[in-house]
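Okay, so here's the structure we're looking at.
The values are calculated or read from the model by the stated rules, or taken from the named source; none is laboratory data. Just so we're clear, the structure is a prediction, and the values are computed from it rather than from any experiment. Virtual Cβ from ideal backbone geometry, glycine too; neighbours counted across all protein chains shown. Areas reflect the complete protein model, heavy atoms only, side chains present, ligands, DNA and RNA absent. Shrake-Rupley method; radii C 1.70, N 1.55, O 1.52, S 1.80 Å.
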Amino acid sequence: MRVYTEASGVISRVIERGARVRFLTVLLLVIAAAALGGTALRDGSLVLAIAAGACALLAIVVLSRGGAKRRAKEAASASLASSVASPSIAAESPAAPPVSTSMAESAPAAPEVIVGSVVVDEAMKEDVPGDPAEGQPSQVTAMEPTPDMAEVGPESVPMMAAGAVGPETAADESDVSGIPSVRTPFSVQPAVVLMSFYDAIAERFDTLSAHLWLEDTPTATLRLVAAFGPRVPGSDPVPLTDPILGSSATTRTAVFRPLDDVDSLESLEGAWRYAVPVGTPEVRGIAAVDVVVADPAPAAVVLNEVSAVLRGSLTAALAVHVARSEMDTAVLLLQAAQQLTSGIAGEEVLSAALESAMLVAGASTGSVMVPDGVDGPLRIVASHGLSADVIATTSVDGGEGIAGTVYVSSSPLLIEDLPGRSGLRRHGVLSSVSVPIADDKGSFGVINVGARAFPARLTDAYVRALAILGTQTAVAMRNATAAEQSWDLYLENLQALATALESDDPYRRGASRRTAVLSAALAEEMGLEAEDVVSLRIAAILHDVGMGLATGSVGAIDRPLSTVDRGLVRAHPKVASDVLQRVPSLERLAPMVRHHHERFDGDGYDTGLSGASIPMGSRILAVTDAFVAMTSPRPYRDALTLGEALEELDRGAGGQFDPSVVEAFSELLARDPELALLD
């Protein structure tokens with residue numbers, strides 16, 4: 001009795017100390033959830049709202065885990081009291097004899113029967129050895145749910161004895177006396193919790209692995225979340241028809257069966273799998289451990305005890321995995337929304353959307369398909385991980401194939417190459433999703449992503465996230481289209497202004513448009529940033545507005561220019577620059593316009609800059625402006641041919657013009673000579 005009293009006191013102190021720690025932990029989590037929730041409501045932050053929910057969920061998990069630990073310690077204390085009160089029973093009752101190998105092999109296969117909370121085989125009921133204390137055979141009976149189990153509810157871990165034999169009292173006492181110590185995980189990370197699960201089981205069994213699975217109802221499969229051990233299972237989803245993992249998930253009871261019953265797995269001699277349901281009504285899963293045992297009909301008492309102690313941690317690990325996946329996806333969607341609404345052009349919108357979709361899906365291949373014309377077939381306009389041949393030859397009519405069906409129906413589609421299905425894996429893809437780029441005003445196209453691994457997440461949330469991205473992309477495309485239309489209208493208005501100023505000089509009509517097109521093409525040829533290309537195009541449209549304001553129609557006179565005329569001509573870059581500086585949206589273009597008549601050797605006007613001190617836009621504009629002037633007729637000469645104009649530019653390289661710009665311009669026209677023929 002003294003031993004019992006001391007042991008009972010130790011257990012009580014452990015329970016009290018653990019309760020205090022749990023109370024403080026729950027208090028801190030509740031405070032954090034309240035603070036984050038209040039901030040989320042005030043700022044409208046989705047990320048903070050998810051974090052608040054995660055804190056609240058962890059608080060519930062800690063409370064549940066504390067209850068499970070308390071009941072386990074109380075059961076151990078009660079067992080200790082029973083063994084002290086009746087020491088002769090444990091000492092005199094020998095261990096129950098195991099079922100012989102021949103009996104296990106000859107027993108006919110029979111479906112499992114779930115009675116109360118015990119899983120037994122019909123074959124196990126026929127010839128079970130009796131109680132050695134009485135010498136009479138006894139029947140394996142169902143174990144009624146205990147008060148503790150009833151308190152936990154239908155999601156509780158049932159005590160399972162699929163392979164237990166012999167008298168119930170003796171078997172229970174001998175097993176409980178050898179219950180391994182269970183190390184409390186220092187974290188609810190799935191890998192950490194599985195390490196504790198594995199280590200506890202490894203004290204009594206030759207353990208192969210411990211693994212955690214997430215139940216995905218839409219696909220009727222279990223998805224591998226994490227695994228630990230020297231021989232972990234494959235990552236392919238396991239169907240709910242699986243005799244061990246699937247059976248445990250559908251019946252919500254623990255199952256302990258040999259692995260050679262599972263055709264889809266490579267089995268080892270004496271390998272058994274124990275599976276137990278974990279999770280909440282919203283997030284359900286299975287924790288499992290694979291062991292090797294010599295006994296043909298091993299008992300599961302130790303496995304039940306360990307899983308009962310760690311069930312709270314396993315549930316928390318599963319919940320944290322799902323919460324983290326949801327939060328990571330939400331962050332990616334917020335980042336995508338930021339990027340898509342940053343004013344980028346239509347083609348950039350589609351590329352950015354594909355990049356975000358691949359991050360959300362963890363994909364290795366992806367594409368964006370849009371119609372070729374109004375009613376044309378879908379073609380790839382942005383891609384990753386696809387060959388040039390696939391990009392060039394892929395064409396899908398609306399309503400045909402996966403992409404065509406998604407485009408017409410505006411509904412997302414998940415396709416998975418689950419184990420056991422016939423068909424070839426295209427490009428090694430195991431899981432692919434196609435979502436429409438659509439909103440309530442219509443559809444723009446389809447985003448396709450493919451992964452070479454199955455997602456370890458709830459597929460409905462996974463597909464829904466990609467569908468949200470598709471809607472965001474559609475809205476961004478409409479905004480980009482509207483912006484491009486507004487931009488085109490803006491350029492047309494500027495061009496109309498420049499044309500009006502050129503109207504007094506018949507020899508300059510259309511020169512600004514030609515100069516703008518050539519300058520933009522040359523800037524792209526030289527690798528300038530997109531923003532600089534746009535700025536240069538506008539500068540080219542307006543570069544000679546000062547000519548009409550300063551000189552009138554000097555360019556149209558058919559006599560040599562006087563000193564006054566020359567002075568007016570040399571003043572036009574400064575006049576145009578002053579006009580642009582008075583318009584806030586155009587003032588950044590003033591330097592390019594002011595210096596477009598500078599010479600590379602420093603002998604130009606109006607400030608005498610030279611070399612690299614001349615803005616690059618001005619150096620490009622100097623070449624294109626001179627080319628347009630030379631290939632346009634004048635009162636005193638005919639227009640030069642393309643070859644003659646290029647020769648003049650080449651002679652002026654290093655003196656009047658930047659040699660690198662002249663070289664790039666010559667290469668551009670050699671590749672696309674039609675640019676020189678624009679009117």
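Structure notes:
- Reciprocal mean inverse distance between Cα atoms of the range 608-652 - Kirkwood radius, Å: 11.6
- Residues of the range 297-330 with amide N under 11 Å of a point placed 7 Å along Cα→Cβ from Glu203: 306
- FRET efficiency, 1/(1 + (r/R0)^6) with R0 30 Å, evaluated for Arg324 and Thr251 via beta carbons: 0.55
- When Ile468, Ile447, Ile31, Ile344 are compared by accessible area of protein heavy atoms, the largest-first order is Ile31, Ile468, Ile344, Ile447, using a 1.4 Å probe.
- Rounded if a/c under 1.5, otherwise prolate or oblate - the range 257-411, Cα gyration tensor axes: prolate
- For the pair Glu347 and Arg651, the difference between a 0.36 nm per residue extended length and the Cα-Cα distance amounts to 105.5 nm.
- Computed with a 1.4 Å probe over protein heavy atoms only, the accessible area of Val331 comes to about 50 Å².
- Surface share of carbon and sulfur [accessible, 1.4 angstrom probe, percent] for the range 239-367: 53
- Heavy-atom accessible area ranking, 1.4 Å probe, most first, across Ser247, Ser610: Ser610, Ser247
- Spin-label model distance (nm) - Ala612 vs Ala392, 7 Å beyond Cα toward Cβ: 4.1
- Amide H contacts under 5 Å for Ala226, placed H, 5+ residues apart: Leu212
- Whole-Hz ³J(HN,Hα) from phi, Karplus 6.51 cos²θ - 1.76 cosθ + 1.60, for the range 354-359, glycine and proline x: 5, 4, 5, 4, 5, 5
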